[in-house]
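Just so it is clear, none of the values below were taken in a lab; they were calculated from the coordinates. This one's a predicted model, so the numbers in the text were calculated from it and none came from an experiment. A quick note on method: Cβ atoms are made from the backbone with ideal geometry, for glycine too, and the neighbour counts reach across all protein chains shown.
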Amino acid sequence: MMRLLYTLYTIMKNNNTSFTIWLTGISGAGKTTLANALQTQFKENKIISLCVDGDNLRNGLCQDLGYTDLDRKENMRRASCVAKMINNQGQIAIVSLISPFKAEREKAKNYIGENKFLEVFVDCSYEECLKRDVKGLYKKVEAGFINQFTGKDSIYEAPEKPDVHIRTGEVTIETGLQLIVSEIEARYQLLLS
Ligand SMILES: Nc1ncnc2c1ncn2[C@@H]1O[C@H](COP(=O)(O)OP(=O)(O)O)[C@@H](O)[C@H]1O
Ligand SMILES: [Mg+2]
């Protein structure tokens, strides 16, 4: 209990409050995988973090939204609101959302706070994601059953200067996680074991 309190105290002291790790990338790139791995790492360090995942949002808070550009922007806006609510209560937020638009990611960053926002580009080619096809979506897209699919007929604007750039087709999940952890350690003076 003491150690937990001490860790939390250290975070609050170092960061004033807390921060958001925002993972962006196309479907199947590895956002949810890395978000979960990161949350596990935090947990092992007795640090609480809360995940805001695209699929969960779509099933609940954002179930009224579709996949038009406008709806995707609204989806991103709501995710940023949830992340900020989490941060305002002193907790770390991990957002894993395609979030295809540069301007809206920028808005999220400004809304949450520039120094509290870590943009992680989960970078994987369309071809590799199609090969993985975790959710069977790519098969449906190729068969013409899904429209407005990111990377196909809906745009993905890759970050130009992400805080962390992970090429998941080239590095292991473990290495990807380590890249994020190193950046967090450097930026927020946290030491994660
Ligand atoms: N280096 C890697 N980083 C992350 N995921 C990877 C990597 N290599 C393979 N994968 C696999 O790719 C898939 C990514 O799926 P997921 O995390 O659900 O993607 P997203 O949330 O971006 O749609 C998982 O099955 C994961 O095991
Ligand atoms: Mg996901």
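A compact table of results
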| item | result |
| --- | --- |
| Spin-label model distance (nm) - E127 vs S182, 7 Å beyond Cα toward Cβ | 2.7 |
| Kirkwood Rh and Cα Rg combined as Rg over Rh, evaluated for the chain | 0.97 |
| Average projection area in nm² (convex hull over Cα atoms of the range 64-172, one quarter of hull surface) | 7.8 |
| Exceeding the 30 Å Cα-Cα cut-off - candidates K31/K140; K73/K161; K31/K73; K73/K139; K46/K102; K107/K131 | K46/K102; K107/K131 |
| Charge tally in the Cβ shell below 10 Å around E170, where Lys, Arg are +1 and Asp, Glu are -1, E170 excluded | -1 |
| Between 0 and 90°, nearest 10: helix 69-88 axis offset from the chain longest Cα axis | 10 |
| Whole-angstrom Cα spans of the range 30-104 along principal axes, big to small | 40, 27, 24 |
| Relative packing of 162-173, 22-33, which averages over residues the other C-beta atoms within 10 Å, highest first | 22-33, 162-173 |
| Virtual paramagnetic centre 7 Å along Cα→Cβ of E170, amide N under 16 Å, in the range 101-127 | 121-127 |
| Angle between the chain longest axis and helix 102-112 axis [Cα atoms, degrees, rounded to 10] | 20 |
| Percent RCO, i.e. relative contact order, over the range 123-193, from Cα pairs under 8 Å lying at least 6 residues apart | 28 |
| Ordering of 103-111, 86-94 by packing [mean C-beta count within 10 Å, highest first] | 86-94, 103-111 |
| Compactness index (Cα Rg / 2.2 N^0.38 Å), the range 148-193 | 1.50 |
| Semi-axes of the equivalent ellipsoid for the range 65-106, Cα gyration tensor, largest first, Å | 21, 10, 8 |
| Rg over Rh, two decimals, the range 115-191 (C-alpha only, Kirkwood Rh) | 1.07 |
